[in-house]
Amino acid sequence: MEAKEVFDELKTILVTRLKFDPRQAVDLTLETTMPKGVDGSIGLDSLDFIELAIAIEERFGIVMDEAGDLAPHFASFDTLSRYIASRTAGA
Amino acid sequence: MKSVAVTGLGVVSPFGTGVKAFWEGISSGSCAIRPITLIDTEGFRCRIAAEVPAGIAGSGRRSRADRMALAAAREALDDAGIARAERADAALIVGAVGGGMLETEAWYWQRTRAGAAPMPRALTSCFPSSHADVVGSALGLGGPRETIVTACSSGAGSLALAADLVADGVVPLAIAGGVDALTRICFMGFNALKLLDPVPCRPFDRERRGMSLGEGAAFVVLEDPQRAKSRRARIYGELAGYGMTGDAFHVTAPHPEGEGMARAMRAALEQGGVAPAAVGYVNAHGTATLQNDRIEARAMRAVFGEGRVLVSSTKSMIGHTMAAAGALEAVATVLTLLNELVPPTARLENLDPEIGFDCVPHAAREVAFEHAISNSFGFGGQNVTLLFRRAA
């Protein structure tokens with residue numbers, strides 16, 4: 001799957017699973033950051049990240065190992081889309 | 001209580017995911033009780049249980065029990081053909097005990113024994129109420145939501161409460177069931193109580209030495225019969241009544257005369273307006289502990305008369321699935337009536353003379369009945385009997 005397609009899926013997940021306002025999802029760009037407290041971010045907290053990780057694993061059929069540091073991948077939509085695209089490419 | 005229609009079934013059992021695998025397993029008298037792989041059993045007297053095989057759907061970030069509940073509930077809703085829009089008013093009632101304890105235990109052991117600081121994520125799903133949260137949110141169930149915790153009768157109690165909500169017109173439909181995953185605390189606790197047989201359990205056998213543990217999940221869709229008919233839903237059968245009683249006797253032991261059990265069975269029959277003679281089959285609690293089987297038989301005798309009904313124990317094949325048992329056995333009872341086939345009690349070689357009922361040894365038997373009951377008795381004397389009627 002291409003990073004662009006992954007990005008679209010992530011926007012859908014944000015609305016259906018994390019209950020974001022659909023209008024908010026439209027305004028997202030690849031550069032939008034994720035974690036709460038980071039400049040210009042959509043403000044995800046730790047529970048949001050758990051829900052997001054579950055949704056990603058179930059939607060894309062990948063397993064994200066917590067033994068590794070996942071934080072860099074969850075920095076922005078760009079990093080996350082690339083990460084998921086690279087993981088699904090190998091599948 | 002007015003009867004309610006059973007229009008959807010969903011199961012995750014030690015025979016795998018799906019109602020089909022479950023029915024094939026129990027109707028063929030297969031045994032899913034094997035050496036435990038999920039937890040370390042080194043040094044324990046009993047080292048077997050009926051585990052759900054690998055391949056449960058859903059992210060590994062969810063607890064094992066949440067995944068089983070989700071898969072079973074999804075199957076039941078799909079089976080009943082309940083579309084997303086109809087789910088907005090549907091009630092969700094879940095019988096649960098262990099919650100996400102399996103993962104919580106692993107987290108705690110890692111933290112205290114390995115000295116590591118594992119991710120606290122496991123703790124978000126540790127409560128028994130987690131299943132209702134996960135299932136309700138994922139499947140869009142917007143009506144009343146309850147978790148029933150009455151030990152081994154939790155799964156049956158959830159169906160009873162859901163039936164009331166539907167029969168009283170509070171909701172047009174409800175999804176109800178039970179779930180439990182194998183946990184260390186349950187395995188070690190029952191080992192310590194010396195209630196586990198080192199070999200697969202033998203309900204009603206005079207050589208029985210205790211129960212086998214199991215795990216799984218089952219859900220049913222309960223619906224107003226008129227609503228079910230008007231949308232031309234497939235009706236598996238009817239939940240025609242239930243009885244719920246408390247022994248108020250002892251923390252683990254049932255009342256020696258089975259007084260509370262008998263009252264639960266009588267209450268279910270009375271509520272459904274069904275005479276004891278109209279019941280052909282009892283899906284027994286049948287745990288294979290020395291006490292339960294003898295006392296349950298005594299209670300059945302008091303209600304139905306000596307040897308008047310066929311009796312079998314699903315636990316002889318899938319073990320005691322704790323909070324899931326009442327729901328899994330409710331599905332078994334509905335399918336027994338529908339398919340006119342009574343699943344057997346596996347490995348029953350020498351019937352305990354104190355039992356005094358035909359317990360359908362080894363092989364399933366073809367018999368048609370109008371009514372059957374399913375018994376579930378929890379620790380502390382928390383008794384639930386569900387009465388089912390064959391689909392008209």
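For A:Asp8, the criteria (1) open to solvent by less than 70 Å² (accessible area, probe 1.4 Å); (2) in contact (Cβ under 8 Å) with a residue 24 or more places away in the chain hold in every case but one, which is (2). Of all positions in the stretch B:213-222, none carries a residue that is in contact (Cβ under 8 Å) with a residue 12 or more places away in the chain and surrounded by fewer than 20 Cβ atoms within 10 Å (Cβ to Cβ). A count restricted to the stretch B:364-388 and to residues that are assigned to a loop (DSSP other than H, G, I, E, B) and open to solvent by less than 60 Å² (accessible area, probe 1.4 Å) stands at 6. Somewhere in the stretch B:337-346, is a residue in contact with a Cys (Cβ under 6 Å, 6 or more places away or on another chain), aliphatic (A, V, I, L, M), more than 30 Å from B:Gly100 (Cβ to Cβ) and crowded, with 22+ Cβ neighbours inside 10 Å? Yes, some residue in the stretch B:337-346 is in contact with a Cys (Cβ under 6 Å, 6 or more places away or on another chain), aliphatic (A, V, I, L, M), more than 30 Å from B:Gly100 (Cβ to Cβ) and crowded, with 22+ Cβ neighbours inside 10 Å. Output the qualifying pairs, or none if there are none: Cβ atoms under 8 angstrom, residues six or more apart or on different chains, first residue in the stretch B:109-122 and within 14 Å of chain A (Cβ to nearest Cβ), second residue at pLDDT below 80. Sorted first by the residue in the stretch B:109-122, then by its partner, the pairs are B:Gln110/B:Ala116; B:Gln110/B:Pro118; B:Met119/A:Glu66; B:Arg121/A:Glu66. Remark: B:Phe44 matches the filter, which requires a residue to be among the aromatic types (Phe, Trp, Tyr), over 15 Å from B:Leu328 (Cα atoms) and either in a strand (DSSP E or B) or away from every other protein chain (no Cβ under 14 Å) (or both).
Scanning the stretch B:123-139 for residues that are in contact (Cβ under 8 Å) with a residue 40 or more places away in the chain, more than 14 Å from chain A (Cβ to nearest Cβ) and within 19 Å of A:Ser46 (Cβ to Cβ) yields a total of 0.
Of all residues in the stretch B:78-101 being within 18 Å of the chain's Cα centre (by Cα) and aliphatic (A, V, I, L, M), which is surrounded by the most Cβ atoms within 10 Å (Cβ to Cβ)? Only one residue fits best here, namely B:Val94. Looking only at the stretch A:19-65, count how many residues are open to solvent by less than 30 Å² (accessible area, probe 1.4 Å), among the β-branched types (Val, Ile, Thr) and assigned to a helix (DSSP H, G or I). Number satisfying all stated conditions: 2. For the stretch B:52-63, taking the residues that are surrounded by fewer than 24 Cβ atoms within 10 Å (Cβ to Cβ) and more than 10 Å from every other protein chain (Cβ to nearest Cβ), the one that is nearest to B:Gly10 (Cα to Cα) is identified as B:Ile56. When A:Asp48 is tested against (1) farther than 30 Å from B:Ala116 by Cα; (2) within 14 Å of another protein chain (Cβ to nearest Cβ), just one condition goes unmet, and that condition is (1). The residues on offer are B:Thr104, B:Thr124, and the sole one that is in a helix (DSSP H, G or I), open to solvent by 70 Å² or more (accessible area, probe 1.4 Å) and among the polar types (S, T, N, Q) is B:Thr124. One residue stands out in the stretch B:273-312 among those that are in contact with a Phe, Trp or Tyr (Cβ under 7 Å, 6 or more places away or on another chain) and in a loop (DSSP other than H, G, I, E, B): the one that is surrounded by the most Cβ atoms within 10 Å (Cβ to Cβ), namely B:His285.
Are any residues in the stretch B:56-99 part of a loop (DSSP other than H, G, I, E, B), in contact (Cβ under 8 Å) with a residue 24 or more places away in the chain and within 24 Å of B:Thr124 (Cβ to Cβ), and if so, which ones? Of everything in the stretch B:56-99, those that are part of a loop (DSSP other than H, G, I, E, B), in contact (Cβ under 8 Å) with a residue 24 or more places away in the chain and within 24 Å of B:Thr124 (Cβ to Cβ) turn out to be B:Ile56, B:Ala57, B:Arg61, B:Arg62, B:Ser63, B:Val97, B:Gly98, B:Gly99. Being at pLDDT below 95 and not in a strand (DSSP E or B) holds for only one residue in B:Lys229, B:Lys194, and it is B:Lys194. Within the stretch B:313-326, being in a helix (DSSP H, G or I) and in contact with a Ser or Thr (Cβ under 7 Å, 6 or more places away or on another chain) holds for B:Lys315, B:Ser316, B:Met317, B:Ile318, B:Ala323, B:Ala325, B:Gly326.
Cβ-Cβ contacts under 7 Å between residues 6 or more apart (or on different chains), taken from a first residue in the stretch B:262-285 that is under 18 Å from B:Ala163 (Cβ atoms) to a second residue that is at pLDDT below 95, are listed as B:Gln271/B:Met1. Evaluate the stretch A:71-82: report whether one residue or more is within 10 Å of chain B (Cβ to nearest Cβ), crowded, with 18+ Cβ neighbours inside 10 Å and not charged (D, E, K, R). No, the conditions are met nowhere in the stretch A:71-82.
The values are calculated or read from the model by the stated rules, or taken from the named source; none is laboratory data. What you are looking at is a predicted structure, and each value in this text was computed from that prediction instead of being measured. Here the Cβ is made from the backbone with ideal geometry for all residues, glycine too, and neighbour counts use every protein chain on show. We work out accessible area using only protein heavy atoms, side chains counted, and drop any ligands, DNA or RNA first. Shrake-Rupley method; radii C 1.70, N 1.55, O 1.52, S 1.80 Å.
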